[in-house]
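See below for the structure under consideration.
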Amino acid sequence: MHDPMASRGGHTTVLPPGGMAQLVAAKDWAKTPLGAPETWSASLKLTVELILACGFPMAIRWGPEMIMIYNDAYASILGDKHPRVLGAPLREVWPEIYDKLGPLNESILRGEREGFFARDHLWRVFRRADTWEDARFTISYSPIPDDTAPGRIGGILATAVETTDRVDTEQRLRQLSERLEQEVAQRTRERDRIWQVSEDLLGVCNFEGYFLSVNPAWSALLGWSEDEIKRMRVSELRHPDDAPAAIAERARLARGVPTVRMENRFRHKDGSWRWLSWTLSTEDGLIYVIGRHITAEKEAAERLRESDRQFRLLVSGVTDYALFRLDPQGIVSSWNVGAERIKGYAAAKIIGQHFSRFYTAEDRQSGLPARALRTAAREGRFEGEG
């Protein structure tokens, strides 16, 4: 077909413009099993014209040897095989997969099957340099009718759209999705585990004052079941004296403050009260709460305050002994009546002064006050006269 002009059915037609149209026109077909183009059947000429005008990757496999003629779009599928394989038998075009491709096409050519269609079909091909590829194609192989051919089938029309990139991308996305699902599942398990075992009170409530979800720590600390807690408003659990401060903090949340903290008492099922330190935050109209049980801390602080009060009362009533307290740097921080009588300093004058003033100049010069402080810090006491 040295001339792009071809005769078909008494009419002169022109092969479509394009790289493959020029190669097909320039090919010396007389040296191939197909013979010179003027000897081709009308069916072959028509099909060649059809594929060269088509934008989809298409190829003709004609005759018993399935001689290949293909269009521009199919040329890109061939890789380095193009243009060498134009006019070559199918076994020379795809030798690496011919053990499967050959019998499949031969069965269509013999009329034993109507055709073949597959989506994302995998072929392991060798088409670029020295590289094997696992390439995927959506393919359709259809018989081409020809009254002059044995069995009235002259060849096979192959349409092949490569889907390797799409399939690889989808595979990567599936793998990524699976990993994300696994990570989400793992984090969900971890979150659920924390929810179950946390000694802190974790919960979600609305601005109407009802809890939507609470963790088991609520029941362990307050004695109420989860369902009982969900049926009660927070005001039924909270100590009445603590309500004004709690309501004010919740109002701050409603105004958009991201996080608030408060302390209040919640009622145990037995009627007693538990002190709790709360951290509250809000998102999407819900309040997320974390409560830490601090009753023991509150009671310990109260005991310390009472002990200190009683100590101050005791110290202030002693007149026969000078009792005073120093901080770690030796500064006087308390001063009783006995110290005022014995030492001669009023409390207002001595508190805030360094205790070294009770020593002589010689003792101060020798470092005795500093040694006394170090001994008291190291051994818990110091004894001396003066």
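The values are calculated or read from the model by the stated rules, or taken from the named source; none is laboratory data. Computed from a predicted model, the values in this text were never measured in an experiment. Here the Cβ is made from the backbone with ideal geometry for all residues, glycine too, and neighbour counts use every protein chain on show.
Below, the figures for the structure above:
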quantity: Filter pass, Trp132 being among the aromatic types (Phe, Trp, Tyr), assigned by TED's automatic domain parsing to the domain that holds Ser43 and modelled with pLDDT under 95; calculated: yes
quantity: Residue in region 131-141 that is within 15 Å of Ile67 (Cα to Cα) and surrounded by 13 or more Cβ atoms within 10 Å (Cβ to Cβ) present; calculated: yes
quantity: Close pairs (8 angstrom Cβ cut-off, 6 or more residues apart or separate chains): farther than 23 Å from Arg127 by Cα in region 155-180, assigned to a helix (DSSP H, G or I) anywhere; calculated: Gly155/Leu44; Gly155/Thr47; Gly155/Leu109
quantity: Among residues of region 197-212, those that are out of contact with any helix residue (DSSP H, G or I) (no Cβ under 8 Å at 6 or more places or on another chain) and assigned to a strand (DSSP E or B), counted; calculated: 2
quantity: Conditions (1) more than 43 Å from the chain's Cα centre (by Cα); (2) among the β-branched types (Val, Ile, Thr); (3) in a strand (DSSP E or B); number of the one not met by Ile51; calculated: (3)
quantity: Any hit, region 45-59, residues being more than 20 Å from Thr159 (Cα to Cα), at pLDDT 95 or above and of a type outside the set (S, T, N, Q); calculated: no
quantity: Given (1) hydrophobic (A, V, I, L, M, F, W, C); (2) free of Cβ contacts under 8 Å to residues at least 40 places away in the same chain; (3) touching a helix residue (DSSP H, G or I) at 6+ places or on another chain (Cβ under 7 Å), index of the condition Trp62 fails; calculated: (2)
quantity: Total residues in region 147-184, condition more than 47 Å from the chain's Cα centre (by Cα) and part of a helix (DSSP H, G or I); calculated: 3
quantity: Of residues in region 357-385 being modelled with pLDDT under 85, of a type in the set (Gly, Ala, Ser) and part of a helix (DSSP H, G or I), the one nearest to the chain's Cα centre (by Cα); calculated: Ala377
quantity: Set Ile153, Ile229, Ile139: member being β-branched (Val, Ile, Thr) and assigned by TED's automatic domain parsing to the domain that holds Met262; calculated: Ile229
quantity: Within region 360-374, considering residues that are in contact with a helix residue (DSSP H, G or I) (Cβ under 9 Å, 6 or more places away or on another chain) and within 15 Å of Leu326 (Cα to Cα), the one surrounded by the most Cβ atoms within 10 Å (Cβ to Cβ); calculated: Ala372
quantity: Where a residue in region 368-384 is within 13 Å of Phe355 (Cβ to Cβ) and its partner, wherever it lies, is surrounded by 14 or more Cβ atoms within 10 Å (Cβ to Cβ) and among the hydrophobic types (A, V, I, L, M, F, W, C), with Cβ under 7 Å and at least six apart; calculated: Pro369/Phe355; Phe382/Ala372; Phe382/Ala376; Gly384/Ala372
quantity: Region 88-117, residues that are in a strand (DSSP E or B), more than 18 Å from Trp40 (Cα to Cα) and out of contact with any Leu (no Cβ under 8 Å at 6 or more places or on another chain); calculated: Phe117
quantity: Within region 181-216, considering residues that are among the aliphatic types (A, V, I, L, M) and touching a residue at least 40 places away in the same chain (Cβ under 8 Å), the one surrounded by the most Cβ atoms within 10 Å (Cβ to Cβ); calculated: Leu201
quantity: Residue count for region 74-87, restricted to those that are in a loop (DSSP other than H, G, I, E, B) and in contact (Cβ under 8 Å) with a residue 40 or more places away in the chain; calculated: 3
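Residues are listed down the side, and each one gets a yes or a no for (1) more than 17 Å from Leu286 (Cβ to Cβ); (2) more than 28 Å from the chain's Cα centre (by Cα):
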position	(1), (2)
Thr188	yes, no
Cys205	no, no
Tyr210	no, yes
Gly223	yes, yes
Arg233	no, yes
Glu236	yes, yes
